[in-house]
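K.L.:
The structure follows.
Read the figures in this text as sums done on the coordinates, not as results from a lab. Quick caveat: nothing in here was measured; it's all calculated off a predicted structure. Neighbour counts run over all protein chains shown; Cβ positions are idealised from the backbone, glycine included.
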Amino acid sequence: MAECKTVGEQKQIILIATPVMTQNRYAQLTGSTEGQVRGQIEKGHLPSLKFGRVRMINIAALSQQALDQEDWQ
């Protein structure tokens, strides 16, 4: 679960079913190639975590970044 945020007087609670995702699965869901996903990670555009030798996209952090964008509201 992502952090609760207060909007006005209401709290938002964001539930994320999958907090991390493989690069392959993320590429499939976004219509990108695995090479494009790796490039986005290397450039710092996609947050990731490493579990052993496997690098996973941090969907929870990506969701939080999207919510924190000023132009989101």
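K.L.:
What residues qualify as long-range amide H neighbours of Leu46, i.e. H under 5 Å apart, gap of 5 or more or another chain, H built at 1.01 Å from N?
P.N.:
Ile41
K.L.:
Here's another thing I want to ask about it. ³J(HN,Hα) across segment 50-66 via Karplus (A = 6.51, B = -1.76, C = 1.60, θ = phi - 60°), whole Hz, x for Gly/Pro?
P.N.:
10, 10, x, 9, 9, 9, 10, 6, 8, 5, 4, 5, 5, 5, 5, 4, 5
K.L.:
Here is a further query. According to a simple spin-label model (label point 7 Å from Cα along Cα-to-Cβ), what is the distance in nm between Lys43 and Gln65?
P.N.:
1.1
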